[in-house]
Amino acid sequence: MADDGTHDRGTEPAVRSDGGTKGADDVALDPWGSSTVDDYRKLFEEFGIETFDDVLPRVPTPHYLMRRGVIFGHRDYRPVAEAMRNDEPFATLSGFMPTGDPHIGHKLVFDELIWHQKQGADAYGLIADLEAHAARGLSWDEIDEHTESYLLSLLALGFDPDDGTLYRQSTNREVQDLAFELGTKANVSELGAIYDFDGETEVSYMQSVLTQMADILYPQLEEPKPTVIPVGPDQDPHMRLARDLAGRMRYFGVTEAYASFELDDDERELVAEAYEALVDGDGDSDIRCTDAAEWLRSERPAADALESTIETLESGGKEPLRPRVRFLGRNATEEAFEALIDAVDGEKRVYEGHIDSFDLDREAAEELTRQVELDHGGYGFLPPSSIYHRFMTGLTGGKMSSSIPASHISLLDDPDEGYEKVKSATTGGRETAEKQRELGGEADECPVYELYAYLLSGDDDEFATEVYEECVGGERLCGGCKEQAAELMAEFLEDHQEKREEAKAVLAELDVELDSDRR
Ligand code: TRP
Ligand code: SF4
């Protein structure tokens with residue numbers, strides 16, 4: 001999000017998730033800065049976001065934003081897609097800072113929540129009022145006004161409040177309690193490193209981060225379930241922290257080991273390799289640590305983690321190598337630890353603080369720890385998943401920003417005003433009609449085409465494709481194209497605003513405080 005609360009983006013083509021084909025090497029992932037993403041490829045390479053195309057085939061009936069590559073990336077969406085396919089419980093949640101009027105960028109997230117709800121998710125929409133107050137300094141009066149407006153648009157677009165949950169951070173006691181609890185697992189230097197906080201950062205600002213962590217895990221309070229958080233990529237630092245904290249709250253950790261000592265991931269890989277080679281070599285399962293050290297020294301002399309691995313193996317001496325899964329008691333009470341010992345079937349060895357099992361596989365081990373944790377009062381959180389959508393280009397080119405009204409369309413804009421904004425938008429057209437007929441327009445560079453792809457075509461892929469092909473084929477000229485888009489936009493706004501009016505009665509019936517007592 002930019003300072004003004006809008007989603008900003010660079011000048012990326014909008015049609016397919018090609019990972020970003022051009023643009024400066026500038027990636028800033030800052031939840032409160034002016035985030036621009038000029039090179040989506042970097043998000044994959046540097047931050048480890050995965051491309052959505054990888055999971056797309058696993059989604060039963062993908063949303064058009066998924067099909068068109070507007071939703072371009074994800075973290076760990078597979079379990080969500082899996083739950084959807086198998087009719088198992090899953091959830092979706094996203095939050096909105098009530099700093100201004102909702103606009104067409106927010107509509108992307110509203111639609112994502114609503115779609116997941118229709119696919120069977122427990123859906124949550126929250127108003128991040130504590131964050132708006134702490135991070136943006138908005139007064140509670142301003143916050144109240146915008147809160148209502150966001151909720152009306154969410155309802156008008158089809159969120160089902162009878163089957164979903166709407167809340168404000170400030171009135172959700174469970175969220176605040178969970179935030180406090182999660183705060184026991186995060187420290188100040190860590191928050192500083194992630195968010196650039198320093199000694200001058202206000203304490204409430206930090207509290208609002210923990211509150212967001214609690215929002216993200218809130219759908220799992222009753223029972224763990226796959227949960228997807230649809231957001232812009234600027235929120236990714238929050239997702240990484242939330243996934244970490246979910247893990248740190250767990251009672252037990254599960255790792256794989258070969259002997260009594262611990263190995264890091266690189267070291268374990270090397271030992272695994274040595275073990276496999278030696279077992280295959282002579283069918284002898286009596287392989288000692290020193291045998292593996294010797295094998296590595298001669299067969300993998302250039303490996304990265306060689307020195308530390310050999311050192312560890314040599315300290316193991318004649319101890320035989322045997323693959324095992326290891327349970328580490330992290331936050332477990334003694335009682336829970338004892339219960340886990342009892343629950344591990346087959347051959348096992350119990351140490352101070354950990355248990356090695358020789359018969360369970362990793363997946364069964366994970367399942368077991370979650371069950372024992374739940375039986376003993378823990379949450380058993382699954383790491384939350386996320387999906388990321390592209391930021392829309394401003395209608396005036398450059399960023400979409402709420403401080404430049406002509407650059408974006410508010411969901412509250414008068415239909416005539418929306419019409420005019422589209423008519424005055426920059427395009428990917430050529431200087432003259434003649435050139436356009438000859439060379440075709442540049443739909444990939446055109447904010448008007450984006451409107452078609454992200455919003456105006458709705459679920460109609462054929463229509464979106466037609467606009468695209470007519471444009472790049474030179475059959476479509478910008479004047480007529482904008483006229484059509486402007487009319488569709490005016491229709492959309494008129495219809496949406498009518499539905500907002502109708503939603504007022506629905507909202508009044510809900511248990512959402514619209515008049516804050518705070519000051
Ligand atoms: N920080 C988000 C924003 O700036 C708002 C938010 C608060 C949120 N809690 C959340 C988003 C939980 C997703 C999930 O818009
Ligand atoms: Fe954009 Fe339409 Fe012009 Fe193509 S014809 S460049 S899509 S306005």
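Residue by residue through the range 196-205, note down the ones that are of a type outside the set (Phe, Trp, Tyr) and closer than 18 Å to PRO98 by Cα. Write out each step before concluding.
Going through the range 196-205, the residues of a type outside the set (Phe, Trp, Tyr) turn out to be 196, 198-204.
Hit for the range 196-205 is SER204, nothing else.
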Residue within the range 241-261 that is in contact with a Gly (Cβ under 7 Å, 6 or more places away or on another chain), without any contact (Cβ under 8 Å) to a residue 40 or more places away in the chain and crowded, with 21+ Cβ neighbours inside 10 Å present: no
Every residue from the range 463-499 that is near ligand 2 (Cβ under 7 Å from one of its atoms) and of a type in the set (D, E, K, R): ARG476, LYS482
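Results for (1) under 25 Å from ALA128 (Cβ atoms); (2) crowded, with 17+ Cβ neighbours inside 10 Å, shown as yes or no for each residue.
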| residue | (1), (2) |
| --- | --- |
| VAL448 | no, yes |
| GLU475 | no, no |
| GLU498 | no, no |
| VAL506 | yes, no |
| ASP511 | yes, no |
| LEU514 | yes, no |
Residues within the range 413-446 that are surrounded by fewer than 18 Cβ atoms within 10 Å (Cβ to Cβ) and assigned to a loop (DSSP other than H, G, I, E, B), tallied: 6
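Residue by residue, here is whether (1) hydrophobic (A, V, I, L, M, F, W, C); (2) within 18 Å of MET249 (Cβ to Cβ); (3) touching a Lys or Arg at 6+ places or on another chain (Cβ under 8 Å) holds:
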{"residue": "LEU306", "(1), (2), (3)": "yes, no, yes"}
{"residue": "LEU313", "(1), (2), (3)": "yes, no, no"}
{"residue": "ILE341", "(1), (2), (3)": "yes, no, yes"}
{"residue": "TYR351", "(1), (2), (3)": "no, no, no"}
{"residue": "ILE355", "(1), (2), (3)": "yes, no, yes"}
{"residue": "GLN371", "(1), (2), (3)": "no, yes, no"}
{"residue": "LEU374", "(1), (2), (3)": "yes, yes, no"}
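From ALA406, ALA453, grab the single residue that is away from ligand 1 (no atom under 16 Å from the Cβ), of a type outside the set (S, T, N, Q), within 23 Å of the chain's Cα centre (by Cα) and closer than 29 Å to SER94 by Cα. Walk me through how you get there before you give the answer.
On the way: ALA406 fails: within 23 Å of the chain's Cα centre (by Cα).
Sole residue among the options that is away from ligand 1 (no atom under 16 Å from the Cβ), of a type outside the set (S, T, N, Q), within 23 Å of the chain's Cα centre (by Cα) and closer than 29 Å to SER94 by Cα: ALA453.
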Hits in the range 262-297 (condition: more than 33 Å from the chain's Cα centre (by Cα) and open to solvent by less than 20 Å² (accessible area, probe 1.4 Å)): VAL271, ALA274, ILE287, CYS289, ALA292, ALA293, LEU296
Qualifying positions in the range 90-105 - within 12 Å of ligand 1 (Cβ to nearest atom) and more than 15 Å from the chain's Cα centre (by Cα): MET97, PRO98, THR99, GLY100, PRO102, GLY105
Unmet criterion (only one of (1) under 16 Å from SER386 (Cβ atoms); (2) open to solvent by 10 Å² or more (accessible area, probe 1.4 Å); (3) touching a residue at least 40 places away in the same chain (Cβ under 8 Å); (4) aliphatic (A, V, I, L, M)) for LEU155: (1)
Selection within the range 49-82 - within 16 Å of ligand 1 (Cβ to nearest atom) and either free of Cβ contacts under 8 Å to residues at least 12 places away in the same chain or open to solvent by 20 Å² or more (accessible area, probe 1.4 Å) (or both): ARG75, ASP76
Failed criterion for SER208 (all others in (1) more than 16 Å from ligand 1 (Cβ to nearest atom); (2) outside any loop (DSSP other than H, G, I, E, B) hold): (1)
Number of positions in the range 83-98 that are surrounded by fewer than 22 Cβ atoms within 10 Å (Cβ to Cβ) and assigned to a loop (DSSP other than H, G, I, E, B): 4
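Take ASP177 and tell me if it is of a type in the set (Asp, Glu), open to solvent by 20 Å² or more (accessible area, probe 1.4 Å), under 28 Å from LYS504 (Cα atoms) and more than 12 Å from ligand 1 (Cβ to nearest atom).
Numbers: of a type in the set (Asp, Glu): yes; open to solvent by 20 Å² or more (accessible area, probe 1.4 Å): yes; under 28 Å from LYS504 (Cα atoms): no; more than 12 Å from ligand 1 (Cβ to nearest atom): yes.
No: the conditions fail for ASP177.
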Among the residues listed as ALA123, ALA134, the single one being within 14 Å of ligand 1 (Cβ to nearest atom) and surrounded by fewer than 21 Cβ atoms within 10 Å (Cβ to Cβ): ALA134
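In this structure, is LEU151 assigned to a helix (DSSP H, G or I), of a type outside the set (D, E, K, R) and within 22 Å of the chain's Cα centre (by Cα)? Don't jump to the end; show me each part of the working.
Numbers: assigned to a helix (DSSP H, G or I): yes; of a type outside the set (D, E, K, R): yes; within 22 Å of the chain's Cα centre (by Cα): yes.
So LEU151 fits the description; yes.
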Checklist (1) within 7 Å of ligand 2 (Cβ to nearest atom); (2) in contact (Cβ under 8 Å) with a residue 60 or more places away in the chain; (3) part of a loop (DSSP other than H, G, I, E, B) applied to TYR449, failing item: (3)
Residue within the range 227-235 that is crowded, with 16+ Cβ neighbours inside 10 Å, out of contact with any Asp or Glu (no Cβ under 8 Å at 6 or more places or on another chain) and assigned to a loop (DSSP other than H, G, I, E, B) present: yes
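The values are calculated or read from the model by the stated rules, or taken from the named source; none is laboratory data. Remember, it's a predicted structure, so these values are computed and weren't measured experimentally. Please note: Cβ atoms are built from the backbone with ideal geometry, for glycine as well, and neighbour counts cover all protein chains shown. The area values use the complete protein model at the heavy-atom level, side chains included, leaving out ligands, DNA and RNA. Shrake-Rupley method; radii C 1.70, N 1.55, O 1.52, S 1.80 Å.
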